[in-house]
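The values are calculated or read from the model by the stated rules, or taken from the named source; none is laboratory data. Everything quoted here is computed from the prediction, not taken from an experiment. Heads up: the accessible areas ignore ligands, DNA and RNA and are worked out on the full protein's heavy atoms, side chains in. Shrake-Rupley method; radii C 1.70, N 1.55, O 1.52, S 1.80 Å.
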Amino acid sequence: MIRIATISDIPELQIVRNSVKENKLSSPNRIKDADVEEYLLSRGKGWVTFVDGKIIGFAIADLIGHSIWALFLLPEYEGRGYGRQLHQAMLDWYFSESREKLWLTTGSNTRAENFYKMHGWTEVSRSESEIKFEMSYDEWIEYKMSENGRWEIGR
């Protein structure tokens, strides 16, 4: 199940964010609750996925900065399709609101790197520790209509 994230979800979002094995924050206190609230209410929108009432993942798109601010799952729920569902909801919303190119960064040599490559993102730069990906509206539509896409327009 997926729903729009709310302010009351922030404590559980922080638990998910700080439980990841890759792309860890240098300090658990680096992302403040007020930062998350700003992205949920002022800059963009967020989604949560849950199992048995427990939030197990979340995604946040930044409409102002034209970026993916977050897409994280509890490690024990990776590889089950929850990330793909969050990704789909987030990008469907973003591209319904904007035709601006979207970008994100992630750690190199991570599961996230492979995830974004599999889901139509284009690598535009790389450093030793980080990769920048982009996706245009046209690339999003092309991916959704391709055999590689796992959903259809309008779903």
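Here are a few things to note about the model shown:
- Sequence-ordered 3J(HN,Hα) estimates for the stretch 36-51 from the Karplus curve with 6.51, -1.76 and 1.60 and θ = phi - 60° stand at 4, 4, 4, 5, 6, 9, 10, 9, x, 8, x, 9, 10, 10, 9, 10 Hz, glycine and proline given as x.
- Under conditions of 10 °C and 1.306 mPa s, the chain yields 101 µm² s⁻¹ as its translational diffusion coefficient, taking Rh as the Kirkwood radius over Cα pairs in the Stokes-Einstein equation.
- Lysine pairs meeting the criterion (Cα under 17 Å, 8 or more apart or interchain), as found in the chain: 9
- In terms of its C-alpha gyration tensor, the stretch 1-93 has a rounded overall shape, because the principal axis ratio a/c (a ≥ b ≥ c, square roots of the eigenvalues) stays below 1.5.
- Solvent-accessible area per residue in the chain equals 55 Å², computed with a 1.4 angstrom probe and all protein chains kept.
- Percent carbon-and-sulfur accessible area, the chain, ignoring ligands, DNA and RNA, probe 1.4 Å: 46 percent
- Contact order, relative form, for the chain: 17 percent (alpha carbon pairs under 8 Å, 6 or more residues apart, mean separation divided by residue count).
- Selected from Glu78, Glu128, Glu113 as most flexible by GNM, with the chain as the system and alpha-carbon contacts under 10 Å: Glu128
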